[in-house]
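Notes to accompany the following structure.
The values are calculated or read from the model by the stated rules, or taken from the named source; none is laboratory data. The structure presented is a predicted model; accordingly, all values stated were derived computationally and were not measured. Don't worry about glycine lacking a Cβ; one is built from the backbone with ideal geometry, like all the others, and counts go over all protein chains shown. For the accessible areas, the whole protein counts, side chains as well, though only heavy atoms, and no ligand, DNA or RNA atoms are used. Shrake-Rupley method; radii C 1.70, N 1.55, O 1.52, S 1.80 Å.
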Amino acid sequence: MAGTTEYKNKWQQENRERINLVVAKGKKAVIQAQADASGVSVNAYINAAIDEKMERDQEARNEELC
């Protein structure tokens, strides 16, 4: 399929942003193992962890306002 890579790259540029993540030596393997055990990619695992943390933080802020 000619142009498939170009299409995917263009879509990525238009719809996604990159964050470079630096972790302590050895932690990458631990994260990979956890992601594998969960049946998801490292990217999906990290995104889920970020979403969960942000949700907990928001709930804590909402409780402080009550």
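Details
- Matching option when the condition is aliphatic (A, V, I, L, M) and more than 16 Å from the chain's Cα centre (by Cα), among Ala49, Ala35, Ala44, Ala60: Ala60
- In the condition set (1) in a helix (DSSP H, G or I); (2) modelled with pLDDT of 95 or more, Ala24 is compliant with all but (1).
- Residue tally, condition assigned to a helix (DSSP H, G or I) and either of a type in the set (Asp, Glu) or open to solvent by less than 90 Å² (accessible area, probe 1.4 Å) (or both), over region 38-66: 19
- Within region 1-23, the only residue that satisfies the criterion of being over 20 Å from Ala44 (Cβ atoms), polar (S, T, N, Q) and open to solvent by 100 Å² or more (accessible area, probe 1.4 Å) is Gln13.
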